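Trainee: This is the structure I have questions about; it appears just below.
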Amino acid sequence: MNRILIAEDEPRIAAFVERGLQSHGFATAVVGDGLTAYERARGGDCDLLILDLGLPVSDGFTVLRKLREGRITLPVIILTARDTVPDIVAGLEGGADDYVSKPFAFEELLARVRLRLRREVAPEATVLRVGDLALDLRTRRAHVDGRVAELSSREFALAEAFLRNPDQVLTREQLLSRVWGFDYDPGSNIVDVYVRYLRRKVGTERVETVRGVGYRLKAM
Ligand code: CA
């Protein structure tokens, strides 16, 4: 079980975070000042520290600095009401792994905690497959019904966007931003043109037009 140390001097917030984490299977410990936080974090019996910046005795920045100077690599998520950019930058430069600014939704904090604790990131699939259409992300080759289809790099990127979201309608704007980048003219018909190219190579019926919205990849 992962043990999370919560350094927070506001009892209401500490209790909110502690209850939430416990209900998701974490063990927790709460400390209310910076010096105790530093000592517990250094002690090595916790897997992650949630660190409020405004703490009595020794503030969060000082705790973080002392930990990092002491080469303690414990993941630290800063919890702060000081959501101004300089504070966030200072926190991250001081060695924090992430931050959540108050007020926050517990789910957001939970997602960040889980992300930091995930030691082994599952290797990304190198082949995306939907029905008999497959994209090999290493060789940049497409296979349709067992034969190789030669795709240009844009066509490949477009196919990849579809294969990552099978059976889901993707709007022209989504496709533009994923394949061409955000600065592309939204009035352009380039998406339609490239969908046409792609259809020629992988089969027209695979990419369905959703009138007025965009396109959807069908599993065949
Ligand atoms: Ca505080």
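Values in this text are rule-based calculations from the coordinates and carry no lab data. Bear in mind the structure is a predicted one, so any value in this text is a computation, not a measurement. Cβ placement follows ideal geometry from the backbone for every residue including glycine, while neighbour counts extend to all protein chains displayed.
Trainee: Taking 20 °C and 1.002 mPa s as the conditions, I'd like the Stokes-Einstein D for region 153-215 in µm²/s, using the Kirkwood hydrodynamic radius from alpha carbon pairs.
Mentor: 184
Trainee: Something else about it: Please find the FRET efficiency linking residue 102 to residue 188, where r is the Cβ-Cβ separation and R0 is fixed at 41 Å, and quote it to the nearest 0.05.
Mentor: 0.45
Trainee: Which one, 109, 55, 163, has the greatest fluctuation when you compute a Gaussian network model over the chain with C-alpha springs under 10 angstrom?
Mentor: Answer for the Gaussian network model of the chain: 163.
Trainee: Please build a GNM for the chain, connecting alpha carbons under 10 Å apart, and tell me which residue among 177, 101, 58 fluctuates the most.
Mentor: 177
Trainee: Just to be sure I understand the model, the point goes 7 Å from the Cα along the line to the Cβ. What's the resulting residue 73 to residue 157 distance in nm?
Mentor: According to this spin-label approximation, the distance is 3.5 nm.
Trainee: What FRET efficiency comes out for residue 220 versus residue 65 if R0 is 41 angstrom and r is the Cβ-Cβ distance? Round to the nearest 0.05.
Mentor: 0.10
Trainee: Could you tell me what a quarter of the Cα convex hull surface of region 1-150 works out to, in nm² with one decimal place?
Mentor: 12.2
Trainee: Hey, another quick one. Note down the nm distance, to one decimal, between modelled labels 7 Å out along Cα→Cβ at residue 213 and at residue 10.
Mentor: 4.1
Trainee: Given 20 °C and 1.002 mPa s, how large is the Stokes-Einstein diffusion coefficient of region 20-108 in µm²/s, with Rh as the Kirkwood radius over Cα pairs?
Mentor: For the chosen part, D equals 162 µm²/s.
Trainee: Mind checking the dipole of the chain: about its Cα centre, +1 per Lys or Arg Cβ, -1 per Asp or Glu Cβ, Debye to the nearest 20?
Mentor: Here the chain has a charge dipole of around 960 debye.
Trainee: Using Cα positions and a limit of under 15 Å, work out the aspartates and glutamates in reach of residue 102, with same-chain residues fewer than 8 apart set aside.
Mentor: The reachable aspartates and glutamates, counting only those whose Cα sits under 15 Å from residue 102, are 8, 9, 10, 52, 83, 87.
Trainee: Using a Cα-Cα cut-off of under 16 Å, which lysines could be cross-linked to residue 201, ignoring same-chain neighbours fewer than 8 residues away?
Mentor: Within the straight-line limit of under 16 Å, residue 201 reaches these lysines: 218.
Trainee: Same structure again: With contacts defined as alpha carbon pairs under 8 Å and 6 or more residues apart, what's the relative contact order of the chain in percent?
Mentor: Result for the chain is 12 percent.
Trainee: Then there's this: Count the DSSP beta bridges whose two residues both fall in region 55-212, then state the antiparallel fraction as a percent rounded to the nearest 5.
Mentor: 75
Trainee: Using the alpha carbons of region 64-211, what is the convex hull volume per residue in cubic angstrom, as a whole number?
Mentor: 185
Trainee: Provide the gained length on full extension for the span residue 167 to residue 24, in nm with one decimal, where the gain is 0.36 nm per separating residue minus the Cα-Cα distance.
Mentor: 48.3 nm
Trainee: Hey, another quick one. Expressed in nm to one decimal, what extension gain is obtained for the pair residue 196 and residue 132 from 0.36 nm per residue of sequence separation less their Cα-Cα distance?
Mentor: My answer for the length gained is 21.1 nm.
Trainee: In debye, nearest 20: dipole of region 103-220 around its Cα centre with unit charges on the Cβ of K, R (+) and D, E (-)?
Mentor: Here region 103-220 has a charge dipole of around 240 debye.
Trainee: So what's the back-of-envelope 222 nm ellipticity for the chain, counting only DSSP H runs of four-plus at -39500 (n - 2.57) apiece and dividing by all residues, rounded to 500?
Mentor: Estimated from H runs of four or more residues: -11000 deg cm²/dmol.
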